[in-house]
Amino acid sequence: MRKYVAWLAAVFILCTACASRPDYVRADTASAHGYFSTPLGTNKYRVTYNGDTRMGRNSVTDYALLRAAELTSEQGMDWFRVVEQATNTVAKPAATGGIEQRSGPVVERDCGLLGCSTTVRPSSGMTSSPATGTARTTYSVSLEIVMGNNPMPGGEGRYYNAADLIAQLWEAM
């Protein structure tokens, strides 16, 4: 019966992945936008979601939890516990303008009715450029999780029922 439920959950996950939001994607590499997982031992994984500049911290955290719940169901487990969580924020400032010192020869050409004359003289000065671009912030959330089957333990810790969390997060998106 458990294998049947796990199989149905996997089918549900695959079907919902086809209808997923464009932000919720599998990452090609560990530093690319999207989710990836690393096994750390028996029923223990690190799940990471790297957001892009359009995603806030809460969305990235929700996607990391969603992937943890999906992975738990894929492994035939009922619940997972977040053992450790880390959030990485990368702020890339806007490109800034500024003042720049310039020096070098200046070539001046002066033309009149009787002909042209060319003068070369040394020069130095300052130039300025306006600021361009906008600041960009990206978030990355890593969860270290331990998975298990019912009954879910009580007590201290962040325990999640995988099937319930998947339903709640997909409904909220």
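Taking the criterion of being out of contact with any Phe, Trp or Tyr (no Cβ under 9 Å at 6 or more places or on another chain) and either at pLDDT 90 or above or within 22 Å of M173 (Cα to Cα) (or both), the residues of segment 22-32 that qualify are P22, A32. In segment 111-147, which residues are closer than 25 Å to A32 by Cβ, among the small types (G, A, S) and modelled with pLDDT of 70 or more? Result: A135, S140, S142.
Looking only at residues of segment 33-65 that are under 13 Å from T89 (Cα atoms) and surrounded by fewer than 12 Cβ atoms within 10 Å (Cβ to Cβ), we find that the one that is modelled with the highest pLDDT is N58.
Among the residues of segment 56-95, those identified as within 29 Å of R136 (Cβ to Cβ), touching an Asp or Glu at 6+ places or on another chain (Cβ under 8 Å) and part of a strand (DSSP E or B) are V82, E84, Q85.
Which of the residues belonging to segment 33-57 are over 16 Å from W170 (Cβ atoms) and free of Cβ contacts under 8 Å to residues at least 40 places away in the same chain?
Filtering segment 33-57 for residues over 16 Å from W170 (Cβ atoms) gives 33-34, 36-48, 50-57.
Answer for segment 33-57, where residues must be over 16 Å from W170 (Cβ atoms) and free of Cβ contacts under 8 Å to residues at least 40 places away in the same chain: H33, G34, F36, S37, T38, P39, G41, T42, R54.
The values are calculated or read from the model by the stated rules, or taken from the named source; none is laboratory data. Every value quoted in this text rests on a predicted model; they were computed, and no experiment measured them. Because the Cβ atoms are built from the backbone with ideal geometry, glycine has one as well, and the counts that use them run over all protein chains shown.
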